[in-house]
Amino acid sequence: RRWPAAATPQPPVAVPWRMAASSGVTAQGTVASVQIMSEAQKRMLLDQTKLFLFDCDGVFWKGQVAIPGVWDTLDMLKAAGKQIIFVTNNSTQSRATIAKRFEARGYPGVQVEDIYSSSYAAASF
């Protein structure tokens with residue numbers, strides 16, 4: 001999808017509890033600088049996006065602890081009718097185990113069918 005020339009936002013950064021726009025990502029994968037999106041940019045992103053992909057480790061939790069505000073973000077996206085897919089390059093755990101990790105960290109109800117791991121992708125290929 002092409003953005004109108006006058007309203008071209010930067011690509012979104014995976015910061016679920018605060019929608020942000022990044023001006024770039026370094027070679028090490030860290031955000032070079034972050035600008036908080038305006039309300040208009042947030043609305044445009046939500047209005048024009050049907051599907052959201054989220055990594056799990058480091059986005060929803062660090063170790064055994066959920067990152068503050070992430071469940072509120074998922075609830076908001078679900079209430080807006082958005083599809084959410086969880087992806088991970090962690091090949092050591094099954095999709096069912098990853099779903100249980102969501103539940104153990106305070107977010108029950110994540111469906112196995114909505115989780116895609118690198119091992120699942122390889123087996124499906």
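The values are calculated or read from the model by the stated rules, or taken from the named source; none is laboratory data. Keep in mind it's a predicted model, so treat the numbers as computed, not measured. Cβ coordinates were reconstructed from backbone atoms using ideal geometry, including for glycine residues, and neighbour counts include every protein chain displayed. What goes into the accessible areas is simple: the full protein's heavy atoms, side chains included, and nothing from ligands, DNA or RNA. Shrake-Rupley method; radii C 1.70, N 1.55, O 1.52, S 1.80 Å.
Accessible area of region 46-125 with a 1.4 Å probe: how many percent of it is carbon plus sulfur? Please list the in-between numbers first.
Details: 2530 of 4620 Å².
After summing per-atom areas, the C and S share lands at 55 percent.
Rounded if a/c is under 1.5, else prolate if a/b is larger than b/c, else oblate: which is region 30-125, with a ≥ b ≥ c the root eigenvalues of its Cα gyration tensor? Can you show the working numbers first?
Numbers: a/c = 1.63, a/b = 1.56, b/c = 1.05.
Prolate, since a/c reaches 1.5 and a/b exceeds b/c.
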Beyond 23 Å between alpha-carbons counts as too far, so tell me which of LYS42/LYS62; LYS62/LYS82; LYS42/LYS100; LYS42/LYS78 fall in that bin. LYS42/LYS62; LYS62/LYS82; LYS42/LYS100
So the FRET efficiency between ASN90 and SER124, C-beta based with R0 = 25 Å and rounded to 0.05, is 0.95
